[in-house]
Amino acid sequence: MSIAVGEELPRWTHTLTRQNLVRYAGASGDYNPIHYDDEFARSVGLPGIIVHGMLNMGLLARFVTERMPTARIERYAVRFRAMVRPGEPITFTGRVTAVEPVEGARRVTLKVAVVDAEEREAVSGEMVVRVPA
């Protein structure tokens, strides 16, 4: 697999549904009503229900590992910058910022993001993966 600084992973656009949020809540145990109750979400100043930040983070990791199937994640850190609403398309992006040889493999650093329909980075961060040489 050719990996070079500046290379961009093929983007993935996806729309999360309320059903995705319900399933994630069941799997994670995060039953905060801002993720399923519109009235409650509005009562605390939100425009309606929002997607779990950790669901976006998990999908971002999946995005990278599906495009780099031999990759093993070594480090992963993100910042949650904007809310994502179910029913709105989001795009997952990744760009290689560094490649270094290490113990018969390559350590690849990527800038990763979840971008909303208005082109705002809802989630941004850095992922370091190890791939075979």
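Derivation of every value follows stated rules applied to the coordinates shown; laboratory data play no part. Because the structure is predicted, anything quoted here is derived from the model rather than measured. No Cβ is skipped: glycine too gets one built from the backbone with ideal geometry, and neighbour counts run over all protein chains shown.
Couple of notes before you dig in:
- Charge tally in the Cβ shell below 15 Å around V123, where Lys, Arg are +1 and Asp, Glu are -1, V123 excluded: +2
- Spatially, the stretch 6-43 and the stretch 88-133 are offset by 21 Å when compared through their Cα centroids.
- Virtual spin-label span in nm between R81 and M54, 7 Å along Cα→Cβ: 2.3 nm
- For the chain: relative contact order, % (alpha-carbon pairs under 8 angstrom, 6 or more apart): 29 percent
- Nearest-20 debye value, the chain charge dipole, Cβ charges on Lys, Arg, Asp, Glu: 300 debye
- Where a label projected 7 Å from the Cα of E74 along Cα→Cβ would reach, residues of the stretch 105-133 with amide N under 19 Å: 105-112, 125-133
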